[in-house]
Amino acid sequence: MRHLKAHRKLGRTTPHRKALLKNLAIALIKAGKIETTEPKAKELKSYVEKLITRARKGDPNAHRAVFSRLQDKETTHKLVVEIAPKYVDREGGYTSIQKSGVRLGDAAALAIISLI
């Protein structure tokens with residue numbers, strides 16, 4: 001039984017899951033909102049909110065910490081310089097998830113995750 005386990009495995013190995021979350025986070029930061037499956041969106045929410053919380057400080061250590069997770073200079077710069085300062089007065093809840101129906105091919109539940 002998986003009682004009190006920390007995260008969803010999403011049917012992937014650990015390196016594959018980390019790469020998936022990194023790429024989804026980069027896409028979300030660049031576009032502002034993306035559509036993906038509901039379990040991926042729920043897992044991505046905690047991943048991105050931790051990044052934004054870390055980026056809110058705006059110092060060089062925040063840049064390094066965010067870059068170590070994203071490995072993308074443009075996205076890191078956009079997150080630390082443009083996005084994170086908007087949330088300085090906010091205590092979490094930087095993203096929202098709206099259900100958007102099911103995928104035709106496999107009837108997977110879809111959701112739109114966006115930055116508030």
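Just so you know, all these numbers are worked out from the coordinates, no wet-lab data involved. Because the structure is a prediction, the values reported are computed rather than measured. Every residue, glycine among them, receives a Cβ derived from its backbone with ideal geometry; neighbour counts consider all protein chains shown.
Kindly establish whether LEU51 is within 9 Å of the chain's Cα centre (by Cα) and touching a residue at least 60 places away in the same chain (Cβ under 8 Å). So LEU51 does not fit the description; no. Scoring THR14 on the criteria (1) of a type outside the set (Gly, Ala, Ser); (2) exposed (fewer than 13 other Cβ atoms within 10 Å of the Cβ); (3) under 21 Å from ILE112 (Cβ atoms) leaves a single failure, condition (3). If you go through the stretch 56-75 and pick out every residue that is assigned to a helix (DSSP H, G or I), of a type outside the set (Asp, Glu) and more than 13 Å from the chain's Cα centre (by Cα), you end up with 9. Across the stretch 66-110, which residue is surrounded by the most Cβ atoms within 10 Å (Cβ to Cβ) among those that are within 14 Å of VAL48 (Cβ to Cβ) and among the small types (Gly, Ala, Ser)? Looking at residues that are within 14 Å of VAL48 (Cβ to Cβ) and among the small types (Gly, Ala, Ser), I get ALA84. Number of residues in the stretch 27-48 that are farther than 21 Å from ALA109 by Cβ and surrounded by fewer than 18 Cβ atoms within 10 Å (Cβ to Cβ): the value is 2. Here GLU35 passes the criteria (1) in contact (Cβ under 8 Å) with a residue 24 or more places away in the chain; (2) part of a helix (DSSP H, G or I); (3) out of contact with any helix residue (DSSP H, G or I) (no Cβ under 8 Å at 6 or more places or on another chain) except the one numbered (2).
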